[in-house]
């Protein structure tokens with residue numbers, strides 16, 4: 001499998017297959033949203049769009065980075081989402097990097113959103129589809145976030161080597177700047193367990209596939225059979 005690892009700004013053209021990686025915390029949070037029962041996630045382009053979507057769909061919930069804010073129901077923290085009941089709901093998500101990266105490749109034929117908690121299911125989906133060329137979008141720190149790059153490299157390896165060891169990749173993510181900022185309370189809207197939850201390998205058995213539906217980019221879980 002031919003792989004490329006690019007930051008959002010380096011995407012000169014739309015790739016045929018894109019895996020958009022945001023470990024800390026957008027796509028760890030997205031997986032938790034589905035685990036808490038949500039039907040789908042709408043990836044919003046801006047905070048204003050997120051609020052407008054919620055205003056026109058009062059039963060939807062809205063989620064953002066940073067501290068709580070009027071109109072938003074949740075913040076981008078897996079630790080704070082563990083007690084949420086999202087059964088059957090639609091969640092609108094807007095984050096600094098993850099949602100931006102997904103929207104940047106929305107025209108790709110296959111868009112997967114990923115983190116360590118769905119790494120194996122994502123790799124299996126790539127294997128199942130027999131993709132020859134995959135672009136991994138490293139969303140954090142202008143493409144330099146080591147937790148995202150480590151996760152992307154691990155998924156790429158798992159897609160071709162089913163016995164690949166995750167230890168070094170998880171170590172890199174745990175030693176990343178993002179992990180330190182979360183652990184040291186330098187970011188807002190954080191739970192003390194967030195870093196540990198972001199480093200839980202293969203917690204969930206599904207991949208996450210994003211498609212454009214009625215001009216909105218919709219993320220849904222996709223069950224992937226072992227093998």
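The values are calculated or read from the model by the stated rules, or taken from the named source; none is laboratory data. What you see is a predicted model, and the numbers here were worked out from it, not measured in a lab. Heads up, the Cβs are rebuilt from the backbone with ideal geometry, glycines too, and the neighbour counts pull from every protein chain shown.
Some notes on this structure:
- Of 87, 71, all but one fail to be touching a residue at least 24 places away in the same chain (Cβ under 8 Å) and either in a loop (DSSP other than H, G, I, E, B) or touching a helix residue (DSSP H, G or I) at 6+ places or on another chain (Cβ under 9 Å) (or both); the exception is 87.
- Of all residues in region 7-32, those being farther than 22 Å from residue 183 by Cα and buried (at least 19 other Cβ atoms within 10 Å of the Cβ) number 7.
- In region 210-227, residue farthest from residue 108 (Cα to Cα) [restricted to those that are buried (at least 16 other Cβ atoms within 10 Å of the Cβ) and at pLDDT 95 or above]: 221
- Test: residue in region 187-209 that is under 18 Å from residue 145 (Cβ atoms) and exposed (fewer than 14 other Cβ atoms within 10 Å of the Cβ): no
- For the condition within 25 Å of residue 216 (Cα to Cα) and buried (at least 24 other Cβ atoms within 10 Å of the Cβ), residue 100 does not qualify.
- Filter pass, residue 42 being touching a residue at least 24 places away in the same chain (Cβ under 8 Å) and either part of a loop (DSSP other than H, G, I, E, B) or surrounded by fewer than 17 Cβ atoms within 10 Å (Cβ to Cβ) (or both): no
- The residues of region 210-224 that are part of a strand (DSSP E or B) and more than 14 Å from residue 38 (Cα to Cα), listed by number, are 210, 211, 212, 213, 216, 217, 223.
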